[in-house]
1. Determine the pairs where a residue that is free of Cβ contacts under 8 Å to residues at least 12 places away in the same chain, located within segment 95-122, has a partner that is assigned to a strand (DSSP E or B) and of a type in the set (D, E, K, R) with Cβ atoms under 9 Å apart, the partner being 6 or more residues away or on another chain.
2. Which residues, counting only those in segment 68-122, are under 16 Å from G47 (Cα atoms) and among the hydrophobic types (A, V, I, L, M, F, W, C)?
3. I'd like to verify a number: residues in segment 64-100 that are within 13 Å of the chain's Cα centre (by Cα), among the small types (G, A, S) and buried (at least 17 other Cβ atoms within 10 Å of the Cβ), how many?
4. For I33, are the conditions met, namely being surrounded by 13 or more Cβ atoms within 10 Å (Cβ to Cβ), hydrophobic (A, V, I, L, M, F, W, C), at pLDDT below 95 and at negative phi?
5. If you check every pair at least six apart or on different chains, which have Cβ atoms under 6 Å apart with a residue in segment 31-47 that is within 12 Å of T61 (Cβ to Cβ) first and a residue that is surrounded by fewer than 17 Cβ atoms within 10 Å (Cβ to Cβ) second?
6. Select from segment 101-120 the residues that are surrounded by 13 or more Cβ atoms within 10 Å (Cβ to Cβ), at pLDDT 95 or above and under 20 Å from the mean Cα position of the chain (by Cα) and list them in ascending order.
7. Would you check if L50 is under 17 Å from I33 (Cα atoms) and more than 11 Å from the chain's Cα centre (by Cα)?
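The values are calculated or read from the model by the stated rules, or taken from the named source; none is laboratory data. This one's a predicted model, so the numbers in the text were calculated from it and none came from an experiment. Cβ atoms come from the backbone with ideal geometry, glycine included; neighbour counts cover every protein chain shown.
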Amino acid sequence: MGSFVSMAGALRGFSAAEDAAGGLAPIAGGAEITGDDLTGGAAANYGRFLKSLPASAEEPTITGLPGGGFKFEADVPASNIPGSYATYTKEIDGDGVTTTFYRTTYAPDGSVVNVKVKVTYP
């Protein structure tokens, strides 16, 4: 018998068992999530994330998190140091409320130079 994944579970990249258990972990190669897939508070929060990014940001990715939340990430190439970049990361809960927002800066060799936490909520 084939497995069934709810629409919410499929959008968040969870297998049927993980979806039934509350979405414990994303599956490898899970469903790609786009901004058009988001609704309500998550869609509004994603819009605010996009507005907060520098103009040179690459296309953001959206990853489903356990409990129905999402992680938004976008890389921004540095303009002053070739090969270095920053990754802007925002995580929201199942209600679309921001839980954390931070920027990680990477050197050309891939090592982490700095992590700046912009927002953290309990």
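1. Short answer, once both residue conditions are applied: N114/R103.
2. F70, F72, A74, I92, V97, F101
3. Of the residues in that region, 5 qualify.
4. So I33 fits the description; yes.
5. Y46/G35
6. The answer is F101, Y102, R103, T104, T105, Y106.
7. On the way: under 17 Å from I33 (Cα atoms): yes; more than 11 Å from the chain's Cα centre (by Cα): yes.
Taking the combined requirement at face value, the residue satisfies it.
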